[in-house]
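Trainee: Dumping the structure here so I can ask a few things about it.
The values are calculated or read from the model by the stated rules, or taken from the named source; none is laboratory data. Since the structure is predicted, the reported quantities are computational estimates derived from the model, not experimental observations. Every residue, glycine among them, receives a Cβ derived from its backbone with ideal geometry; neighbour counts consider all protein chains shown.
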Amino acid sequence: MAAEYDLVVIGNRPAGVRAAIAARQWGARVALVWPPSATQAWESSGLELRDIWERTVSTRGSLRDDVFAATQIRGGENHPVKRARIWGAEVVRHLMAAQSPSVLESLGIDLVCETGRFVKFPKLAFAIERRSLRSRAYLLATGVQPHIPQIAGLVTTSYLDSETIGELAKRENLPSQMAIVGASPASVHLAQIWQQFGSNVTLLVGSSHILPKEDPEIAYLLQASLEASGVRVMTQATVTQVQEIQQKKWVLAGNRAIESDEIVFATGYQPDLEGWNLETVGVKWHLTRTGKKRLQVNAKLQTTNPQIYACGSLLGGYPFPHIGCYEAEIAVKNALFAPWFSPNYQGIPWGIGTQPEMARVGLTEAQAQRRYGDRIVVLRHSLTDLRAMQVDGMPVGLAKLVLQKSNGKLLGAHLLLPHARELIVPLAALIRQKKSIEAIATIVPMMPSYSELFQRLYDSWQEQKRQRHPLRQRLRETFFTWRRG
C-alpha cells in the first residue's frame, strides 16, 4: 500500500503549525493532526498567557488603562486579571486569523482534529477513528505538560500550575497571598506579574538563587529587582510538604512554614507522551534525575524509530516557541529529503518579560571558561547611565559579554534592562555569523534610545584592548606629541 502523505505532523502547537506550513511550501502533501482536547487558542497562537499579562502592566507596576481602552472594555469590569484576559482574547483572536484552519486548508494542508495513535501493522501508520494516515515520515510536535514533583500532602491539597493559573481570572477576588514554587523562567515571570496585580507573592526556590542555569550575576540582579518590587524570594527552600487547614494552605520548606491562599507549581515541564502508543512503534524516552521524561532523539531530530521525528519542547529545555519552530524546519527538511541537517543552537536567543527584561544568547562565563580557559575576556557594563534608562527612571541595568581574547569573537551575551529581548537579537546575529564585537561599531544609535547600549559595549571592548596593549597606546600618544611639534 502506497503512502498517502509525505509528512504527518502531530500537534497544533506553534512548532507543529510551522512544520506543516514549511512542508507544504516544499510541495509535500501534509496532514496536521491534533486531538480535540488540544484545541486551545492560547497555545496555537504561540503566546503564553503570561506573555499577554505582562503587557497589561506598565514599567512601574500599575495597570495600563491605555491598553484596555483600546479594546473598548467596559469600565465596570475592574478585576485586573479578568481585564487582562479579555484583552488577551482579543489579541489572540487577531493573531489566529493568520493561521486559522481555513487559512491552513487554503494552503493545501489536510487538517484532522481527532484522537489518534501510532500502529505498527501492517505498516507504520497513525490511526484515527475511521482510517489510518500512512506517510513516509511523521513529526511529533505535541507540546508539554507541567511537571509536578512528588510532595507529601499534594494529593489532598488543591493547587495550580503554570497552565491552570488562568482559572484565577474567573474568581471575584484575587488571592491576597500566593506561594509560587520553582526557579524556572515561568515561575520568576509569574511571581512578578501577580505581585503587580496585587497579591503578596512568595517565590520558593530550591537553589541558592533564581534561574540556577543562567549567569549568576544577572540572576542575582534580577532577584534583587524582584524583591524590590515586593516579591518575597526564599532560596534553599526545597518544598517537602503541603497542607490545607481551615481553608488556608501551608507550604513546608525545610523548617519554614509559609501560609498562602493559593499554591502554584511552576517547576518546569515534561513532554506530553501519553496516549500516542509510542512504545509499540519503537520510540523510546527516559527519565532525568528530576523525574522528567525526555524523548530520545539523535542529532538529526530522529527518534529511535527513524521514520518518526520530534521537535520543540518534547526535546527538553525551556519550552520557548521560537526554538521549537526552528527545530521544526530542520526536522521537516530531514523528513522530506534525507537526514542531513542538524540544528545549531548557537546564536538562538531567549528571554523573560520581567521588569527589567532578561535576555541571553550563547555561553555563560562559566561555560566559556570550561571550553576556552583563560583565552576569554568578560565585559561588564552597568547601564544606569544610558540616556533612555535615565529618562524612563529605570534604576537597574547590566550587560555582560563573553568574548575570545584574541579577536573579540562574541561567545555569549547576557542583558538585564528594558527591551532586552529585542536588543539581544543583533548580538545573537554576531554569534550566529561567528563575528567579532567590532561589527557593532557600524551601528549608529539614536539618542536617547536603548540601542546606545551597542556603542557602550564597543567602547568597553576598546578600553579592554588598550589595557592589554599599553605599548600601542604609548606609541599613539608619542605620535600625537610629535605631530603637535
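Trainee: Restricting attention to the stretch 96-111, and to residues there that are hydrophobic (A, V, I, L, M, F, W, C) and within 10 Å of Ile21 (Cα to Cα), which single residue is surrounded by the fewest Cβ atoms within 10 Å (Cβ to Cβ)?
Mentor: First, pick out the residues of the stretch 96-111 that are hydrophobic (A, V, I, L, M, F, W, C): 96-98, 103-104, 107, 109, 111.
Within this subset, residues satisfying the condition of being within 10 Å of Ile21 (Cα to Cα) are 104, 107, 109.
Values: Leu104: 19, Leu107: 12, Ile109: 21.
The qualifying residue surrounded by the fewest Cβ atoms within 10 Å (Cβ to Cβ) is Leu107.
Trainee: Could you look through the stretch 416-440, keep only residues that are buried (at least 21 other Cβ atoms within 10 Å of the Cβ) and under 15 Å from the mean Cα position of the chain (by Cα), and pick out the one that is farthest from Gln390 (Cα to Cα)?
Mentor: Looking at residues that are buried (at least 21 other Cβ atoms within 10 Å of the Cβ) and under 15 Å from the mean Cα position of the chain (by Cα), I get Ile424.
Trainee: Take the conditions crowded, with 21+ Cβ neighbours inside 10 Å, of a type in the set (S, T, N, Q) and modelled with pLDDT of 95 or more and apply them to Thr303. Does it pass? Write out each step before concluding.
Mentor: On the way: crowded, with 21+ Cβ neighbours inside 10 Å: yes; of a type in the set (S, T, N, Q): yes; modelled with pLDDT of 95 or more: yes.
Judged against the criteria, Thr303 is a match.
Trainee: If I ask for residues that are part of a strand (DSSP E or B) and either on the phi > 0 side of the Ramachandran plot or among the basic types (Lys, Arg) (or both), which ones from the stretch 318-367 would you list?
Mentor: Just the residues of the stretch 318-367 that are part of a strand (DSSP E or B), to begin with: 350-352, 358-362.
The answer is Arg360, Gly362.
Trainee: Hey, does the stretch 383-398 have a residue that's surrounded by fewer than 17 Cβ atoms within 10 Å (Cβ to Cβ), in a helix (DSSP H, G or I) and among the β-branched types (Val, Ile, Thr)?
Mentor: Yes, because at least one residue in the stretch 383-398 is surrounded by fewer than 17 Cβ atoms within 10 Å (Cβ to Cβ), in a helix (DSSP H, G or I) and among the β-branched types (Val, Ile, Thr).
Trainee: Which condition number does Ile128 fail, the rest of (1) within 28 Å of the chain's Cα centre (by Cα); (2) under 30 Å from Val8 (Cα atoms) being met?
Mentor: Failing condition for Ile128: (1).
Trainee: Just one of (1) exposed (fewer than 15 other Cβ atoms within 10 Å of the Cβ); (2) within 25 Å of Leu398 (Cβ to Cβ) trips up Ala186, so point out which.
Mentor: (1)
Trainee: Could I ask something else about it? Working carefully through the options Ile263, Ile308, Ile258, find the one that is aliphatic (A, V, I, L, M), more than 22 Å from the chain's Cα centre (by Cα) and surrounded by fewer than 22 Cβ atoms within 10 Å (Cβ to Cβ).
Mentor: Details: Ile263 fails: surrounded by fewer than 22 Cβ atoms within 10 Å (Cβ to Cβ); Ile308 fails: surrounded by fewer than 22 Cβ atoms within 10 Å (Cβ to Cβ).
From the options Ile263, Ile308, Ile258, the qualifying one is Ile258.
Trainee: Residues that are farther than 21 Å from Ser313 by Cβ, of a type outside the set (A, V, I, L, M, F, W, C) and at pLDDT 90 or above: which helices (runs of 4 or more DSSP H) entirely in the stretch 1-96 hold 1 or more of them?
Mentor: Working: elements: 14-25, 41-44, 49-54, 65-70, 80-96.
Passing ranges, in order: 14-25.
Trainee: Residues of the stretch 450-460 being touching a residue at least 12 places away in the same chain (Cβ under 8 Å) and either loosely packed, with under 14 Cβ neighbours inside 10 Å or of a type in the set (A, V, I, L, M) (or both), which ones? Write out each step before concluding.
Mentor: Start the filter on the stretch 450-460 by keeping residues that are touching a residue at least 12 places away in the same chain (Cβ under 8 Å), which leaves 450-458, 460.
Across the stretch 450-460, the qualifying residues are Leu453, Leu457.
Trainee: Can you name the residue in the stretch 311-337 that is among the aliphatic types (A, V, I, L, M) and at pLDDT 95 or above and, of all such residues, is surrounded by the fewest Cβ atoms within 10 Å (Cβ to Cβ)?
Mentor: Leu336
Quick grid of which residues meet (1) within 29 Å of Thr238 (Cβ to Cβ); (2) in contact with a helix residue (DSSP H, G or I) (Cβ under 6 Å, 6 or more places away or on another chain):
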| site | (1), (2) |
| --- | --- |
| Gln302 | no, no |
| Pro306 | no, no |
| Gly317 | yes, no |
| Val332 | no, yes |
| Trp340 | no, no |
